[in-house]
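Please treat every number below as a calculation from the coordinates, not as lab data. It should be emphasised that the depicted structure is a prediction, and the values quoted were computed from it without experimental measurement. Cβ sites come from the backbone with ideal geometry, for glycine too, and all protein chains shown count toward neighbours.
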Amino acid sequence: MKQRLTAKEEEVMEIIWNTGDVFIRDIVAQMPEPKPSYNTVATQVKFLEEKGFLVRKSMANSFQYSPAFSEKEYRGRTILSMISQFVEDEKMSLDEIKELITQIENKRK
């Protein structure tokens, strides 16, 4: 997964990560007012599935969606991607990266 989520996609994924297996109508029901249309959410879900964020399971005449990986995994990959970009752009030195890793490890303890 190299792609990052847009703000709207992240909003949908937050609902799915917090809820688990969902149908599109479940996502719409949990969205804040003004609620987007069912078709708008269905389009976002389709893109998320194409990007590899969601897994679809056929249920009768509908589809149930599940996250392909956890929010924690996504956040970790996003952070690693950002650090990698900083290194490539030479915006962070090796010492700064080591310090950042040390801070992250200390917070885990």
Task: Principal-axis tilt of helix 94-108 within the chain, Cα atoms, nearest 10 degrees - done: 60
- [ ] Give a quick list of GluC sites (Glu not before Pro) in segment 8-96 that DSSP marks as loop, anything other than H, G, I, E or B, with at most 10 other Cβ atoms within 10 Å.
- [x] Glu90
Open item on the list: Quick check: pseudo-label points 7 Å beyond the Cα along Cα→Cβ at Ser37 and Leu80, how many nm apart are they?
Closed with: 4.0
Open item on the list: Calculate log10 I(q)/I(0) of segment 1-106 for q = 0.11 Å⁻¹, where I(q) comes from the Debye formula with a single equal point scatterer on each Cα and nothing for solvent.
Closed with: -0.45
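Beyond a 23 Å Cα-Cα separation, which of these cross-linked pairs lie in this structure: Lys8/Lys107; Lys72/Lys107; Lys35/Lys72; Lys8/Lys35; Lys8/Lys46?
Numbers: Lys8/Lys107 29 Å; Lys72/Lys107 15 Å; Lys35/Lys72 27 Å; Lys8/Lys35 12 Å; Lys8/Lys46 13 Å.
Over 23 Å apart, Cα to Cα: Lys8/Lys107; Lys35/Lys72.
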TODO: Enter the angle in degrees (range 0 to 90, nearest 10) between the Cα long axis of helix 71-88 and the first principal axis of the Cα atoms of the chain, meaning the one along which they spread out most.
DONE: 40
Open item on the list: Using a 7 Å offset from the Cα along the Cα-to-Cβ direction at both Glu88 and Gln30, what is the distance between the two label points in nm, to one decimal?
Closed with: 3.3
Task: 3J(HN,Hα) from dihedral phi, segment 37-54, Karplus parametrisation 6.51/-1.76/1.60, rounded to Hz, x for glycine, proline - done: 6, 4, 5, 5, 5, 4, 5, 4, 5, 4, 4, 5, 5, 4, 6, x, 7, 10
